[in-house]
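Structure first, then comments.
The values are calculated or read from the model by the stated rules, or taken from the named source; none is laboratory data. Everything numeric in this text was worked out from a predicted model, so none of it was measured. With ideal geometry, Cβ positions are generated from the backbone for all residues, glycine too; neighbour counts draw on all protein chains shown. Surface areas here come from the heavy atoms of the whole protein model, side chains and all, with no ligands, DNA or RNA. Shrake-Rupley method; radii C 1.70, N 1.55, O 1.52, S 1.80 Å.
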Amino acid sequence: MGKLTGFLEYDRKTAEELCAQERIQNWDAFHPAQTAEQIEEQAARCMNCGVPFCHAGVSWRGIGSGCTLGNLVPEWNHLTFKGHFEEAYRRLEKTNLLHECTSRVCPALCEGACTCGMNGEPVAIREVERFLSDMAWEKGWVVPRPPKERVGKSVAVIGSGPAGLTCAHILNQSGVSVTVFEKSEEPGGLLMFGIPNMKLPKERVRQRIEILKQEGITFVCNTDVGMDLPVSELDKFDAVVLCGGAGQPRDLSVTGRNLPGVRFAVPFLADATRRLLAGETEDKPLAGRKVVVIGGGDTGNDCVATSIRLGANSVIQLEIMPPSPETRALDNPWPRWPIVLKTDYGQQEAIWLYGRDPRTFEITAVSIVGNETSGVTGIESAQVEWVTTERGRVPKQIESTIRRQAATDVLIAMGFVGAETYLPGALNITLDKTTYATSRAGVFAAGDMRTGQSLVVRASADAVKAAEQVIRYLGI
């Protein structure tokens, strides 16, 4: 695949992003596409592996390796190198409905398993994917393909995030009449309201939703099934698929948790996106405020970048885990996903704006200070050390390191503990991570609601398998 000597002739290159000084002035995407010539060169680095690991999503000792969707990476790299862009795109869309999203927000598990990366830099697979996806939309290659006939079966899909959209698409293509219920005002779930616009432009999400509508899928928004809509209304469907995501954020149990100014990360990010969609881009509601983000993962990074654009005077991140190593550890060999320290876009922006990395590692919040009238006025934190106990490695607070610093806003970005329980409770079912079926015949689950929080690409891949089970259940 590609050019036989390409990995020897060309270095890995990614598009040069806009500098932090420019990009924090707006909410626009800042990672431009490469030119066709540049992309052909990057695709030429694909090594013609005897056994390519990039497209085989597996888990080794709990760490993923390769694309869970089974993207035909070597095939579309070869076609891209040859300049056959539309044919390369057709290979991409065979396995990946949401390529306009994964090419922007997926951490590129494929690149972590690239053979070229065993002793050097991996192929810039995500750059090629984004190029093909953007070209497909620009050239009009993405068109609605309604099923030729309907089979007389109907399915309700609850939730319109990556799992819900993927599941709905596959079922619809099988001739099933699909209705997607979404509790927010428009479809997309996490893709629309959980990921900032500069990371995933909302016009791309809306484009995909429009294609799905034209293919015959019905979207019912502002409807929280189990709250706004009685679950008895689902009885008219032949099957139900729960794709509501991992909706329960992990909470912080400290004094002052309920003070005004303490918020969960995802509602905060959703509110910022709603401001953008409403055209309120000049407002700076965090002007002069001191933001503390608790959690050092992707969502925490998004909170840093969003706080900066909302005018925060300062932003810091508290991360309880120790920093990852700068290079692969011996117990993290190729082709497992490389667990290494990275400085993401929000942290890069904070470094430019405030002069320091916003993260402090191995630290935990002890209490939040303030009152009901003024809200948050400060936060107390302490360093931790990780000790081995009969329960495994746990953080132990170092009392002598407790210190207080000024704060006005605290954003909790500590991950999720699972799905909301009110819908499974109303349906009187239990969810099982080992199967897509639930304890009630005809009711299935997919994505983060079934597995717990994970990646967009994994939620989409999980939905593919769930849809296949639904199709077998319906006998079509």
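If you check R12, R61, which single one turns out to be more than 20 Å from the chain's Cα centre (by Cα) and on the phi > 0 side of the Ramachandran plot?
Numbers: R12 fails: on the phi > 0 side of the Ramachandran plot.
Answer to the selection: R61.
Please determine whether any residue of segment 220-230 is hydrophobic (A, V, I, L, M, F, W, C), closer than 27 Å to K433 by Cβ and surrounded by 22 or more Cβ atoms within 10 Å (Cβ to Cβ). Looking through segment 220-230, at least one residue is hydrophobic (A, V, I, L, M, F, W, C), closer than 27 Å to K433 by Cβ and surrounded by 22 or more Cβ atoms within 10 Å (Cβ to Cβ).
Which ones in segment 385-427 are hydrophobic (A, V, I, L, M, F, W, C) and assigned to a helix (DSSP H, G or I)?
We begin by selecting, within segment 385-427, every residue hydrophobic (A, V, I, L, M, F, W, C); these are 386-387, 394, 398, 402, 406-407, 410-414, 416-417, 419, 423, 426-427.
Across segment 385-427, the qualifying residues are L423, A426, L427.
When segment 172-190 is filtered for residues that are over 16 Å from L242 (Cβ atoms) and surrounded by fewer than 24 Cβ atoms within 10 Å (Cβ to Cβ), the ones remaining, listed by number, are Q173, S174, G175, S177, S184, E185, E186.
Applying the condition of being assigned to a strand (DSSP E or B) and hydrophobic (A, V, I, L, M, F, W, C) to segment 351-366 and asking which residue is surrounded by the fewest Cβ atoms within 10 Å (Cβ to Cβ) yields F361.
Consider G300 against the criteria (1) closer than 23 Å to G378 by Cβ; (2) open to solvent by 50 Å² or more (accessible area, probe 1.4 Å); (3) in contact (Cβ under 8 Å) with a residue 24 or more places away in the chain: it satisfies all of them except one. Which criterion is unmet? Status for G300: all satisfied but (2). Does segment 152-171 contain at least one residue that is surrounded by fewer than 24 Cβ atoms within 10 Å (Cβ to Cβ), in contact (Cβ under 8 Å) with a residue 24 or more places away in the chain, charged (D, E, K, R) and over 25 Å from E280 (Cα atoms)? Within segment 152-171, one or more residues are surrounded by fewer than 24 Cβ atoms within 10 Å (Cβ to Cβ), in contact (Cβ under 8 Å) with a residue 24 or more places away in the chain, charged (D, E, K, R) and over 25 Å from E280 (Cα atoms). Based on this model, can you work out whether L97 counts as modelled with pLDDT of 95 or more and in contact with a His (Cβ under 6 Å, 6 or more places away or on another chain)? Criteria met by L97. Looking at segment 236-254, which of the residues that are crowded, with 19+ Cβ neighbours inside 10 Å and within 22 Å of the chain's Cα centre (by Cα) is farthest from A365 (Cα to Cα)? That would be V241.
Does R391 meet the test of being farther than 30 Å from W27 by Cα, surrounded by fewer than 18 Cβ atoms within 10 Å (Cβ to Cβ), touching a residue at least 24 places away in the same chain (Cβ under 8 Å) and out of contact with any Leu (no Cβ under 8 Å at 6 or more places or on another chain)?
On the way: farther than 30 Å from W27 by Cα: yes; surrounded by fewer than 18 Cβ atoms within 10 Å (Cβ to Cβ): yes; touching a residue at least 24 places away in the same chain (Cβ under 8 Å): no; out of contact with any Leu (no Cβ under 8 Å at 6 or more places or on another chain): yes.
No.
Among the residues of segment 303-315, those that are in contact with a helix residue (DSSP H, G or I) (Cβ under 7 Å, 6 or more places away or on another chain) and crowded, with 24+ Cβ neighbours inside 10 Å comprise C303, V304, A305, T306, V315. Number of residues in segment 11-26 that are farther than 18 Å from R130 by Cβ and either assigned to a loop (DSSP other than H, G, I, E, B) or small (G, A, S) (or both) equals 6. Residues being modelled with pLDDT of 95 or more, open to solvent by 50 Å² or more (accessible area, probe 1.4 Å) and not in a helix (DSSP H, G or I) are represented in segment 460-475 by at least one member.
The single condition among (1) surrounded by fewer than 21 Cβ atoms within 10 Å (Cβ to Cβ); (2) under 19 Å from L276 (Cα atoms); (3) touching a residue at least 40 places away in the same chain (Cβ under 8 Å) that F193 does not satisfy is (1).
Does segment 34-77 hold any residues that are aliphatic (A, V, I, L, M) and open to solvent by 60 Å² or more (accessible area, probe 1.4 Å), and which are they?
So the first thing to find is which residues in segment 34-77 are aliphatic (A, V, I, L, M), and the list is 36, 39, 43-44, 47, 51, 56, 58, 63, 69, 72-73.
Within segment 34-77, V51, V58 meet the criteria.
In summary, strands (runs of 3 or more DSSP E) completely within segment 250-350 and bearing 3 or more residues that are of a type outside the set (A, V, I, L, M) and modelled with pLDDT of 95 or more occur at 314-319. Just one of (1) within 15 Å of C114 (Cβ to Cβ); (2) crowded, with 18+ Cβ neighbours inside 10 Å fails for K3. It is (1). In the set (1) in contact (Cβ under 8 Å) with a residue 24 or more places away in the chain; (2) of a type in the set (D, E, K, R); (3) open to solvent by 30 Å² or more (accessible area, probe 1.4 Å), the condition left unmet by E233 is number (1). On the stretch given as segment 97-129, residues that are in a helix (DSSP H, G or I), of a type outside the set (K, R) and touching a residue at least 60 places away in the same chain (Cβ under 8 Å) total 12.
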